[in-house]
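Student: Okay, handing you the structure first.
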Amino acid sequence: MLKYRAGSGCGSGAARSGGKGQYAGVVATESREVRLAKRPQGEPGLDCFSFASVTLPDPGQGEVLVRNLCMSVDPYMRGRMNEGKSYVPQFEIGKPLEGTAVGRVIASRDEKLPVGTLVLSMYGWRDAYVAPAAHLRVVDATAAPASAYLGILGVTGLTAWVGLFTIAKLKDGETVFISAGAGAVGSAACQFAKMHGCRVIASAGSEDKLLFLRNELKVDYAFNYRNGDAREHLSKAAPDGIHVYFDNTQGTQLEAALYALLPYGRVAMCGGIAGYNVPVPGPRNLIQAVGKRLRLEGFIVSDHFKEMPALLAEAVPALAAGKLINRETFVDGLDRAPEAFLELLRPGAGNIGKMVVRLAE
Ligand SMILES: NC(=O)c1ccc[n+]([C@@H]2O[C@H](COP(=O)([O-])OP(=O)(O)OC[C@H]3O[C@@H](n4cnc5c(N)ncnc54)[C@H](OP(=O)(O)O)[C@@H]3O)[C@@H](O)[C@H]2O)c1
């Protein structure tokens, strides 16, 4: 049984003081890593992952040795386990997986990243690594716990932001429906939409998540998509229709949203988690898009990194003022990272907000 913890983030507080002395070498740093053991057919199991220990080299000139504090697991990683071409390179069998992680520099041969600096990288799924300093981004953990940069202040928050405002062009006062609303992207999207004066309808797969949506995120209407017909829920939640659908799931919720959308409505096609393991049929009512002149637009967040400053300008002060919640669900230890990832792909999954794997204090 996977143990979850709500918590106050990892890597809280300022970076530890940097050692300014001469680099004296690090002796044989061991790191464990998670590798792709085989490609899944349908639903992946734990046998798709293997663990290995490696001895890291000393950092060369311009490189640093980093110990990871926490790492992200994300639904898009399921696609990277498949064979074939995609918008992001596939994981390779026998090689370590990748993903975002926040870690602390423990040995440095680059003056810009002294020992103690907290850095964001794509070297997740491992305890430690050696990398060029130029590949890493410094994280300011005085503004928020470091793990927030895996969530609402990172790619997760940016996905919500871009989907709502750049793709769907959500305007103040409009009504928006957000599926997987209590997850990482969904909970950020619900809050950004509320901050912009919108009426928010959100769905989720468990009663705990509905309580979170109603009591903490203050959404206007929350429903369990596993309980009843999403189309009926939407007509009750928005009898006059919705302007925007932020789609994290596809499947039956996309179909229901197409019925509920108003003329000239917009759909931000963010993800389709209902079909990541086994493809789901497309909506049977796509013809709604013609008569209502709907716009359905997919997007990939990495095309929009230039929008990060706009997100941070609004989100950092809002987080500090308690106007924004960065809810996280923690799983402890690299051993549990595959379970934490697989959990995300289950309807009614155990994560509320961002699923984070804690690797070290
Ligand atoms: N376009 C981009 O650039 C981009 C970037 C990041 C993420 N995404 C997408 O955004 C979506 C959310 O990602 P996230 O990182 O925030 O994950 P998340 O929402 O924190 O976790 C995934 C959630 O999906 C729900 N789920 C699982 N299986 C489902 C199913 N069969 N039908 C409906 N819901 C299901 C579960 O919540 P319930 O309890 O509600 O079932 C689970 O908690 C994903 O589709 C992801 O691929 C897209």
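The values are calculated or read from the model by the stated rules, or taken from the named source; none is laboratory data. These figures come from a predicted structure and were not determined experimentally. We place every Cβ from the backbone using ideal geometry, glycine too, and count neighbours over all the protein chains shown.
Student: What pairs come up if the first residue lies in the range 68-87 and is part of a helix (DSSP H, G or I), the second is modelled with pLDDT under 95 and not β-branched (Val, Ile, Thr), and their beta carbons are under 6 Å apart, counting only those six or more places apart or on different chains?
Tutor: As it stands, the answer is 79/86, since those pairs meet every condition given.
Student: Continuing with this model, one more query. Looking only at residues that are away from the ligand (no atom under 13 Å from the Cβ) and of a type outside the set (Phe, Trp, Tyr) in the range 240-256, which one is surrounded by the most Cβ atoms within 10 Å (Cβ to Cβ)?
Tutor: 244
Student: I've got another one for you. Is it true that residue 288 is near the ligand (Cβ under 8 Å from one of its atoms) and either in contact with a His (Cβ under 8 Å, 6 or more places away or on another chain) or over 22 Å from residue 82 (Cα atoms) (or both)? Working first, answer last.
Tutor: Working: near the ligand (Cβ under 8 Å from one of its atoms): no; either in contact with a His (Cβ under 8 Å, 6 or more places away or on another chain) or over 22 Å from residue 82 (Cα atoms) (or both): yes.
No, not satisfied.
Student: Next question, about the same structure. Given the conditions (1) over 22 Å from residue 202 (Cβ atoms); (2) outside the structural domain of residue 217 (by TED's automatic domain parsing); (3) in contact (Cβ under 8 Å) with a residue 40 or more places away in the chain, report the number of the one that residue 325 does not fulfil.
Tutor: (1)
Student: All but one of (1) more than 14 Å from the ligand (Cβ to nearest atom); (2) assigned to a loop (DSSP other than H, G, I, E, B); (3) surrounded by 13 or more Cβ atoms within 10 Å (Cβ to Cβ) hold for residue 280; state the number of the condition that does not hold.
Tutor: (1)
Student: Which of the strands (runs of 3 or more DSSP E) contained wholly in the range 106-224 include at least 2 residues that are under 30 Å from residue 347 (Cα atoms) and near the ligand (Cβ under 10 Å from one of its atoms)?
Tutor: Numbers: elements: 118-121, 128-132, 175-178, 199-204, 221-224.
Of the strands (runs of 3 or more DSSP E) lying wholly inside the range 106-224, those with at least 2 residues that are under 30 Å from residue 347 (Cα atoms) and near the ligand (Cβ under 10 Å from one of its atoms) span 199-204.
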